[in-house]
Amino acid sequence: MVATPEKPNTDKPAYKVVGTRPVRPDGVDKVTGRAEYGADIKLEGMLYGAVLRSPHAHARIKRIDTSKAEALPGVKAVATHADFPKQESGSLDLGEGSANPLWLVENVLAGSKVLYHGHAVAAVAATDLHIAEDALALIEVEYEVLPFVIDVREAMLPNAPILLDDLRTNVRAKGVDTPKDVPTNIALHMRLEKGDIEQGFADADVVIEREYTTAQAHQGYIEPQNGTAFWNRDGQLTIWCSTQGIFSVRSQCATLLGLPESQVRVIPKEIGGGFGGKLTVYLEPIAAVLSKKSHRPVKMWMPRADIIRATGPTSATHNRVKIGVKRDGTITAAEVNLAYAAGAYPGSPVGAGALCALAPYDIANQRIDGFDVVTNTPKTQAYRAPGAPASEHAVEATLDELAEQLDMDPMELRLKNAAHEGGTNSAGQPWPRIGATAVMEAIKNHPHYTSELHGEDTGRGVALGFWFNGGMESSSSATVNSDGTVSLILGSVDIGGSRASLAMQLAETLGLTLDEVHPHIVDTDSVGWTGVTGGSRTTFAGGWVAYDLGEEIKKRVVERAARMWDVETDVVSYADGVITGPPDADNNPRSMTFKEIAKQLQRTGGLIAVSATSRRNTQGAAFAGHIVDLHVDRETGKVEILRYTAIQDVGTAIHPSYVEGQLQGGVAQGVGMALNEEYYYDDEGHVVNASLLDYRMPVANDLPMIDTQLVEVPNPGHPYGVRGVGEAPIVPPAPAIRNAIYDAIGVRMYDMPMSPRRILEELGPQNGSAS
Amino acid sequence: MTTDERIVVTATINGEERTWLSSSRDSLLEALRERIGLTGAKEGCNNGNCGACSVLMDGRLVNSCLVMAAECEGANITTVEGLAEGDELHPLQTAFLEEAALQCGICTPGFLISSKALLDWKPNPSEEEIRFWLAGNLCRCTGYDKIIRAVEKAAEEMRS
């Protein structure tokens, strides 16, 4: 066993571009309204598409009659499930998670059954959006309404209504028998186990077991899902959309439409937020079918109510945690049981939730069970650190109670058990250099944590958060222009500043300024395969590629200079954008700037163009630690956030402003999840709060300034030490807030969100102000 | 089913007189985006909750999704495309860039217009006033921190 390094290495070289805060390359377009998002497209002869959706939570479709809609003047095409080729069961990679094409096509347009309120049933393309919407009302659908199940625990019961007749439980848990061959809603039972859990609990002085629920929350991107398609008569399909992954959209559409990938070209538009919710296709394949039938381009975007009802919330979950500790705070055993609602089709993020649950801690004996359960709710999609907020909330909340029982500072308890280099994670893999201890120390020493907190019904809480971050494949190419600039061609869409973060890494490598590197995001035919913008992988993987491109350009520039000077390449060097060779015959020093040699490239052997691909998986894990002060209004149950500090090991912050922004944005989403965001279902399984007024996301006056502290423990697996930043900060807010609520009013909350109604319920009739 | 009439509307948009053919059912947002081709105002919800479609109508801040195109006859409309003058970005635009007050950028046009309306009315707002004024504009990326700072910075710039 390697000893725990008390002080992780936070040294980093002096950079010129990395770590600065330049204006982003796409900035002017985005503040002047010029940036083109998916729904901004307009093509000659373009039609508008609209989708008819299920009014029922669960029903068999007996008959669809579209004839009246087709007859409406202005309607050019109608699509149903019958327009798609039959799919085989399989697995399509979505970047964060995967999709079975058999179910994906059913989710795009329902086949024999609708499985949730808002499930797409049919679509229309017309010359005007109003006409398309009118036509939807003319489509006749006959349903046989079926019993439904919304709650994950109820869906696991043996007598629950069954969503998918062919579904059987996939058991990936050692020691668990495969259940009988009967229909079920439990798609997966997985288990992670290490050590001897029974012995671990026997060794404990204190053992507590708690249950928690979390609600279905939506990613809440402000830009609606959209897709525009043109199916040309030569068979070539072009798709314009706002997606986190153009290559993923290409493979999903090619599969669902039965086309070879070479016949599908996906052109990315600017994307107005995704958070994991724009990895899967909804409208793109429908627009394609409508275009094929009408021979015209078809543009579609989703109304907000449909976005809430039919696109990607995260799982509602029900979780149980049992932890045993010795008097000195050493955790001897932990048992975690996670039940995640997948929505209509299997594929909740329970696997990632399981891997993250105990990740910040070094616990010798542990067992984590995870269940993926289908319910009559929209198919869940990835949402920022998919699966992690629910499982880590349960652990962080339980640790807070343990610290109280041990009469220990909650950070001391965590520090005593911190994960460290050389230890192993829940899957038994060894940790490389990680910042868990550094983040915990930073919390303990932060002036926020050590400050006095005053005021009635005011409390402070802390919690940790963890996310693995992604590696995967990215490709790019770069061309040296004769004016000494470099064009950087990217396959990663820019969801929050990656043009800047990737161009900055190329500029650093070449000793140029950011202004001298021009990033361009291109379509699937114009760059090598690149994974999705998600999983906090883009600045890591794309940065590796930018570095590789820079190194290759340097090598070629040096070769060219050597040829121009007629010397060997090994006596020519490149540093800070200047090429230096040995003195000439007259002993004059010889050097050229990058700009000078760029001007001469064409005459001395041609311009330099390079391409590179990285599929390294040396990404570094991210640890986040948050401190929150809040006040609870006993009369209304409303929680007001008074002060918030987010600390995170970010590896190296390439553009610190956007790194801070990732932390602040994650906090805001986490606060929403903690305090307000949930789906309300009525007795018929209808979502009744499908608007941005009733689905209550934080607004500007719900939050204070969010202070950040960037701890930089450079990732040894990256040339600039990048770890990945965006996901982890959504994890700690809920448990930190929950722990602070206890500190404020002495009430332990076990159900999320901790809305005014729930807080009043917990305060009960004894509540001072209520009496 | 609603009847759909074609109507001719003339309004001043970003200082330029524009005449277009609208459906009687078009909102101002639809007219701007789909009839006129000014796509800076964004649709986020189409029912006045997100503020992404904010524009100024005769100097007043409105959600363009809640205004009928037909109501705009003779009106003076300012959209995000009309904020910059010549080569000069509006101080709010510059501050949003320098303070990194946007990530995905979809809400940015609405925040810029809404902030302009605030500063036109009150050149020296407090943080609390900025937060309450902007509560009708949703941002899901930034946590609002850098947006508030950008508005404070622009206000200071505009006062000097």
* Enumeration of residues in the range A:20-29 that are within 24 Å of the chain's Cα centre (by Cα) and either buried (at least 24 other Cβ atoms within 10 Å of the Cβ) or more than 8 Å from chain B (Cβ to nearest Cβ) (or both) -> A:R24, A:P25, A:G27
* Please work out which residue is nearest to the chain's Cα centre (by Cα), limiting yourself to the range A:30-52 and to residues that are surrounded by fewer than 22 Cβ atoms within 10 Å (Cβ to Cβ) and either of a type in the set (A, V, I, L, M) or more than 9 Å from chain B (Cβ to nearest Cβ) (or both). => A:I41
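Here is a yes/no grid of residues against (1) on the phi > 0 side of the Ramachandran plot; (2) buried (at least 17 other Cβ atoms within 10 Å of the Cβ):
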site: A:G95; (1), (2): yes, yes
site: A:W103; (1), (2): no, yes
site: A:L138; (1), (2): no, yes
site: A:D166; (1), (2): no, no
site: A:V182; (1), (2): no, no
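Residue by residue, here is whether (1) part of a loop (DSSP other than H, G, I, E, B); (2) more than 25 Å from the chain's Cα centre (by Cα) holds:
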position: A:D694; (1), (2): yes, no
position: A:N701; (1), (2): no, yes
position: A:Q709; (1), (2): no, no
position: A:V713; (1), (2): yes, no
position: A:P719; (1), (2): yes, no
position: A:P729; (1), (2): no, no
position: A:R738; (1), (2): no, no
position: A:I741; (1), (2): no, yes
position: A:E761; (1), (2): no, yes
* Hey, B:I113 open to solvent by less than 30 Å² (accessible area, probe 1.4 Å), farther than 30 Å from A:Y695 by Cβ and more than 8 Å from chain A (Cβ to nearest Cβ) or not -> no
* To do: Write out, first by first residue and then by second, each pair whose Cβ atoms fall under 8 Å of each other, whose residues are 6+ apart or on separate chains, and whose first residue, in the range B:48-67, is assigned by TED's automatic domain parsing to the domain that holds B:R25 while the second is surrounded by 24 or more Cβ atoms within 10 Å (Cβ to Cβ) and modelled with pLDDT under 95.
  => none
* Inside the range B:116-139, can you point out the residues that are open to solvent by 30 Å² or more (accessible area, probe 1.4 Å) and either in contact with a Phe, Trp or Tyr (Cβ under 6 Å, 6 or more places away or on another chain) or touching a residue at least 40 places away in the same chain (Cβ under 8 Å) (or both)? -> B:K116, B:D120, B:G136
* Asked: What do you reckon, is A:V557 assigned to a helix (DSSP H, G or I), among the β-branched types (V, I, T) and in contact with a strand residue (DSSP E or B) (Cβ under 7 Å, 6 or more places away or on another chain)?
  -> yes
* To do: Just give me the residues in the range B:61-99 being facing chain A (nearest Cβ under 9 Å) and either touching a strand residue (DSSP E or B) at 6+ places or on another chain (Cβ under 6 Å) or on the phi > 0 side of the Ramachandran plot (or both), in sequence order.
  => B:T79
* When you look at A:L663, is it within 22 Å of the chain's Cα centre (by Cα), within 14 Å of chain B (Cβ to nearest Cβ) and open to solvent by 10 Å² or more (accessible area, probe 1.4 Å), yes or no? -> no
* To do: Scan (1) open to solvent by less than 10 Å² (accessible area, probe 1.4 Å); (2) free of Cβ contacts under 8 Å to residues at least 60 places away in the same chain for the single condition A:P732 breaks and write down its number.
  => (2)
* Asked: Residue check, A:P85 against (1) outside any loop (DSSP other than H, G, I, E, B); (2) touching a Gly at 6+ places or on another chain (Cβ under 9 Å); (3) of a type outside the set (A, V, I, L, M, F, W, C), all met but one. Which one?
  -> (1)
* Asked: In the range B:100-107, is there at least one residue being more than 8 Å from chain A (Cβ to nearest Cβ), in contact (Cβ under 8 Å) with a residue 40 or more places away in the chain and not polar (S, T, N, Q)?
  -> yes
* Asked: B:L28 passes all but one of (1) in contact with a Ser or Thr (Cβ under 8 Å, 6 or more places away or on another chain); (2) within 11 Å of chain A (Cβ to nearest Cβ); which number fails?
  -> (2)
* Asked: Just a yes or no: is a residue in the range A:488-501 in contact with a helix residue (DSSP H, G or I) (Cβ under 7 Å, 6 or more places away or on another chain), of a type outside the set (F, W, Y) and open to solvent by 20 Å² or more (accessible area, probe 1.4 Å)?
  -> no
* To do: Starting from the range A:314-335, take each residue that is on the phi > 0 side of the Ramachandran plot and part of a loop (DSSP other than H, G, I, E, B) and list its partners that are open to solvent by less than 10 Å² (accessible area, probe 1.4 Å) and modelled with pLDDT of 95 or more, counting only C-beta distances under 7 angstrom and pairs at least six apart or across chains.
  => A:G329/A:L413
* Asked: Is it true that some residue in the range A:109-117 is in a strand (DSSP E or B) and either among the hydrophobic types (A, V, I, L, M, F, W, C) or away from every other protein chain (no Cβ under 14 Å) (or both)?
  -> yes
* To do: Give the residue, chosen from A:L607, A:L549, that is loosely packed, with under 14 Cβ neighbours inside 10 Å, out of contact with any His (no Cβ under 7 Å at 6 or more places or on another chain) and within 29 Å of A:V23 (Cβ to Cβ).
  => A:L607
* Would you check if A:A82 is crowded, with 22+ Cβ neighbours inside 10 Å and outside the structural domain of A:T530 (by TED's automatic domain parsing)? => no
* **Residue under evaluation A:T238, criteria (1) of a type in the set (S, T, Y); (2) in a strand (DSSP E or B); (3) buried (at least 23 other Cβ atoms within 10 Å of the Cβ), criterion not met** => (3)
* Can you name the condition, by its number, that B:S22 falls short on among (1) closer than 22 Å to A:L43 by Cα; (2) within 17 Å of the chain's Cα centre (by Cα); (3) not acidic (D, E)? -> (2)
* Looking at (1) of a type in the set (D, E, K, R); (2) open to solvent by 10 Å² or more (accessible area, probe 1.4 Å); (3) in contact (Cβ under 8 Å) with a residue 40 or more places away in the chain, can you tell me which one A:R537 breaks? -> (2)
* In the range A:676-708, how many are open to solvent by 50 Å² or more (accessible area, probe 1.4 Å) and either of a type in the set (A, V, I, L, M, F, W, C) or more than 14 Å from chain B (Cβ to nearest Cβ) (or both)? -> 7
* Considering only residues of the range B:37-65 that are outside any loop (DSSP other than H, G, I, E, B) and polar (S, T, N, Q), which is surrounded by the fewest Cβ atoms within 10 Å (Cβ to Cβ)? -> B:N63
* To do: Please find, among A:G227, A:G195, the residue that is surrounded by fewer than 24 Cβ atoms within 10 Å (Cβ to Cβ) and modelled with pLDDT of 95 or more.
  => A:G195
* To do: Scan the range A:267-279 and give yes if some residue there is closer than 19 Å to A:N232 by Cα, away from chain B (no Cβ under 14 Å) and open to solvent by less than 20 Å² (accessible area, probe 1.4 Å), otherwise no.
  => no
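The values are calculated or read from the model by the stated rules, or taken from the named source; none is laboratory data. Owing to the predicted nature of the structure, the values given are computational and were not obtained by experimental measurement. Virtual Cβ from ideal backbone geometry, glycine too; neighbours counted across all protein chains shown. Surface areas here come from the heavy atoms of the whole protein model, side chains and all, with no ligands, DNA or RNA. Shrake-Rupley method; radii C 1.70, N 1.55, O 1.52, S 1.80 Å.
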